[in-house]
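Have a look at the structure below, then the notes.
The values are calculated or read from the model by the stated rules, or taken from the named source; none is laboratory data. Predicted model, so just to flag it, every value in this text is computed and none were measured. Cβ placement follows ideal geometry from the backbone for every residue including glycine, while neighbour counts extend to all protein chains displayed. Please note that ligands, DNA and RNA were not included when accessible areas were found on the heavy atoms of the full protein model with its side chains. Shrake-Rupley method; radii C 1.70, N 1.55, O 1.52, S 1.80 Å.
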Amino acid sequence: MAWTVERQSEVSTAIRVEYERKTGWEQWGLLSADRHIDNVHSDLSLQRLHLDQAKERNAFVIDIGDLFCAMQGKGDRRSSKSDLRIENKDSHYLNSLVEFAHNFMRPYLENLALLAEGNHETAITKHNEYSLLDGLVYALRQGGSNVVRGGYRGYVRFYFEPRGGGKRMSRLAYYHHGHGGGGPVSKGIIQASRKAVYMPDADYVWTGHIHEQWSFPIERVRLLASGKEIRDTQHHLQLPTYKDEYTNQGGGYHHETGKPPKPIGAWWIRFYYSTRTGRVEAQFLPADL
């Protein structure tokens, strides 16, 4: 494997990548959020397509929350029997969710790097004293995966180790599952400028939760100790969802509250070696239909 993953601390995960200093070298990663994998409106065929592509590319997979939907349990005021998958019509509802997600993710054990929690997972822990994510990560690791369990927010430090010796490099990503409604017009972009203020060291900032998709680069300048001024870019990504609550539905909460159709898919991150800069650079590409 050209990359490895390990947990560094409560809030930090390290992904180590071996790179080659030549044109054509690349390392892919799949960045996802809000899979809502057990919801009947979640596009599982598209998820499989992207995960199969990740497998072909030896890509790492990072998911930053709401992998589960988990709203159809007993006592949940949001529950709707019509939104319940047949696999989860079980008296042991929460156990069935973990089993369903485990069976779905099992073909991709070697690609899973980080699974973080979102508000749907924390709601289950709060009201049921049970962590769906802990259950899933435990099952995946028992099957041979090295996947790391992440919190609602955290960091991913990418360490690039040169094959055959040379310059070592690193890049820092900060993720937060997200909060708020995103705004019907701004679609959450205002939050990017706010995060840029208190996350000055991050090269990339990734957010989910609001089911929108955009890339928002923020240019920066810095002064080195030598007196030389340099510029760089902080890349902000809003990660979309795999749940389509709009198409072919004549009603329901999404329509009753006037919400628009949301983008479906994820993002690819493609690391590559640039002979022009002599560094490992990153490119972000939509993973869609």
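Just a few scattered comments:
- Number of residues in region 136-162 that are farther than 12 Å from Glu6 by Cβ, assigned to a loop (DSSP other than H, G, I, E, B) and either in contact with a Cys (Cβ under 6 Å, 6 or more places away or on another chain) or open to solvent by 10 Å² or more (accessible area, probe 1.4 Å) (or both): the value is 4.
- Residues in region 256-277 that are free of Cβ contacts under 8 Å to residues at least 60 places away in the same chain and more than 16 Å from the chain's Cα centre (by Cα): Glu256, Thr257, Gly258, Lys259, Pro261, Lys262, Ser274, Arg276, Thr277.
- Positions within region 9-40 being open to solvent by less than 50 Å² (accessible area, probe 1.4 Å), within 22 Å of Pro286 (Cα to Cα) and not in a strand (DSSP E or B), in sequence order: Trp25, Ala33, Asp34, Arg35, His36, Ile37
- Qualifying residue in region 97-118 (condition: out of contact with any strand residue (DSSP E or B) (no Cβ under 6 Å at 6 or more places or on another chain), open to solvent by less than 50 Å² (accessible area, probe 1.4 Å) and within 18 Å of His176 (Cα to Cα)): yes
- Any hit, region 194-209, residues being among the basic types (Lys, Arg), surrounded by fewer than 13 Cβ atoms within 10 Å (Cβ to Cβ) and either in a strand (DSSP E or B) or on the phi > 0 side of the Ramachandran plot (or both): no
- Residue within region 219-229 that is at negative phi and within 20 Å of the chain's Cα centre (by Cα) present: no
- When we screen Asp63, Asp52 for residues that are among the charged types (D, E, K, R), surrounded by 22 or more Cβ atoms within 10 Å (Cβ to Cβ) and either touching a Ser or Thr at 6+ places or on another chain (Cβ under 8 Å) or modelled with pLDDT of 95 or more (or both), the only hit is Asp63.
- The C-beta contact set for region 46-63 (first residue over 13 Å from Gly29 (Cβ atoms), second residue assigned to a loop (DSSP other than H, G, I, E, B), distance under 8 angstrom, 6+ apart or interchain) comprises Leu46/Tyr242; Leu46/Gly265; Leu46/Leu289; Gln47/Arg35; Gln47/Ile37; Gln47/Tyr242.
- Tally, over region 96-135, of residues that are over 18 Å from Gln72 (Cβ atoms), aliphatic (A, V, I, L, M) and in a helix (DSSP H, G or I): 1
- Residue count for region 168-181, restricted to those that are among the small types (Gly, Ala, Ser) and either assigned to a helix (DSSP H, G or I) or open to solvent by 20 Å² or more (accessible area, probe 1.4 Å) (or both): 3
- In region 1-50, the qualifying residues are those that are hydrophobic (A, V, I, L, M, F, W, C) and out of contact with any strand residue (DSSP E or B) (no Cβ under 8 Å at 6 or more places or on another chain), and the one that is nearest to Val147 (Cα to Cα) is Met1.
- Annotation: of all residues in region 119-135 being free of Cβ contacts under 8 Å to residues at least 40 places away in the same chain and of a type in the set (Asp, Glu), the one that is surrounded by the fewest Cβ atoms within 10 Å (Cβ to Cβ) is Glu129.
- Positions within region 222-281 being aromatic (Phe, Trp, Tyr) and at pLDDT below 95, in sequence order: Tyr246, Tyr253
- Some residue of region 223-234 being touching a strand residue (DSSP E or B) at 6+ places or on another chain (Cβ under 9 Å), under 15 Å from Ala33 (Cα atoms) and assigned to a strand (DSSP E or B): no
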